[in-house]
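Read the structure below first, then the notes.
Throughout, read-outs are computed from the coordinates displayed, never taken from laboratory work. Owing to the predicted nature of the structure, the values given are computational and were not obtained by experimental measurement. Quick reminder, even Gly has a Cβ in these numbers, built from the backbone with ideal geometry, and neighbours come from all protein chains shown.
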């Protein structure tokens, strides 16, 4: 999964941006419509809006992107947001990051909806 290194980069950036990181929580490999608690939020991937990522072992001019619609719940609140792979959303006193997407697309069609898995990271700071 080529987006897993983004997780480490995001965590390293978060550690450098603040003198101390209060908490980091990770939810790995959540399927569509499967909820996961990560930090102080519950995140549910609802729908892949776009998957234009470059197929594995291909040479592309543009790497493409994945856009994922998620439901984020915290306390008594809930929102739907569109997240881009490697991107983040500031919510509930922290930052929710779509830190990993799998599997990588093949040469023919992209993954089936049932094959997608997503990793999320939630970082809170002082």
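With each pseudo-label sitting 7 Å past Cα toward Cβ, what's the residue 47-residue 77 distance in nm, one decimal?
Placing both labels 7 Å along Cα→Cβ, they lie 2.4 nm apart.
Of all the Cα-Cα pairs you can form in the stretch 30-126, what percent are over 17 Å apart?
Values: 2249 of 4656 pairs.
The share of Cα pairs beyond 17 Å in the stretch 30-126 comes to 48 percent.
Would you order 46, 66, 96 from fewest to most other beta-carbon atoms within 10 Å of each residue's own beta-carbon? Please report the intermediate quantities before stating the final value.
On the way: 46 15, 66 22, 96 27.
Least to most surrounded, the residues fall as 46, 66, 96.
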